[in-house]
Amino acid sequence: MFKIGDYVAHYKEGVCEVTSIGKLNMSCSDKKKDYYTLKPLYDAGGTLYTPVDNEKKQIREVISNEEAQMLIADMSNIETIWVPDEKRREMLYKEALMKNQCREWIAIIKTSYLRKMKRMASGKKAINVDDKYLNIAERFLYGELAVALDMPKDEVKGYITKRMKA
C-alpha cells in the first residue's frame, strides 16, 4: 500500500503523487472501497482515482535511483520492437505502454527513433504512429527517471545521452 506523498507510475498518466487515500464521495465509486487520489506530476490539470485494491495493476512504485542507473547502463541491450507490419507494430506499442514498465518504454523509443532515422535517411517522412508512441514513451520514461534521479525532467534526455557515450 502506498502512502500520501508517494510517487507512483500510472499506466496512462505517467508519474503521479498520491495526495489522499480513502472513500470517494462520487456516484461512480464503490462506497465500500478506499481509493488513491493521484495528481499527475507533469500535468497541472488532472486528478485520478484508482482503488487501493486494484487488481489491474494500474499503478506501481516508481523505480529507485539505483534501478534507474542500472536501466540506463543496460539501454543498449534492450531489444527493439521490429515488426514490418504497421498495424501489428502499433498494437505492440500499445501493449508495451500498458505494461507500465521502463524497459518497454525504452524498446518503443529505440524502435521509433531508429525507424524515423532510417526513413529520413532514405528521403521519406517519419510515420505519425511512430512519432506518437515515441512521444508517449519518452514522456513516461523521462518523467519516471526524473523522479528516480532527482533531477528536472527536461535534463533527463541529456543525462542519458551523456551516460551512453561514457
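Values in this text are rule-based calculations from the coordinates and carry no lab data. A quick note: this is a predicted structure, and the numbers were derived from the prediction, not measured. Glycine gets a Cβ as well: all are built from the backbone with ideal geometry, and neighbour counts include every protein chain shown.
Points worth noting:
- Estimated [θ] at 222 nm from DSSP helical runs (n ≥ 4, -39500 (n - 2.57)) normalised by residues in the chain, nearest 500: -15000 deg cm²/dmol
- Over region 1-96, Cα pairs under 8 Å with separation of 6+ residues give a relative contact order of 20 percent.
- Neighbour net charge for Asn54 - beta-carbon separation under 12 angstrom, K R +1, D E -1: 0
- A Cβ-based charge dipole, computed about the Cα centre of region 7-61 with Lys and Arg at +1 and Asp and Glu at -1, lands at about 180 debye.
- Considering only Gln58, Tyr7, Tyr113, and ranking their Cα positions along the charge dipole of the chain that arises from unit charges at the beta-carbon of Lys, Arg, Asp and Glu, the one farthest toward the positive end is Tyr113.
- Within the set [x] 141; [y] 101; [z] 87, the number that volume of the Cα convex hull per residue in Å³ takes when calculated for this structure is listed as [x].
- Of the GluC sites (Glu not before Pro) found in region 1-79, the ones in coil according to DSSP and having at most 10 other Cβ atoms within 10 Å of their Cβ are Glu55, Glu79.
- For region 81-165, the square roots of the Cα gyration tensor eigenvalues, ordered a ≥ b ≥ c, give a/c of at least 1.5 with a/b no greater than b/c, which places it in the oblate category.
- Computed about its Cα centre, the charge dipole of region 102-166 is approximately 480 debye, with only Lys, Arg, Asp and Glu carrying charge at their Cβ.
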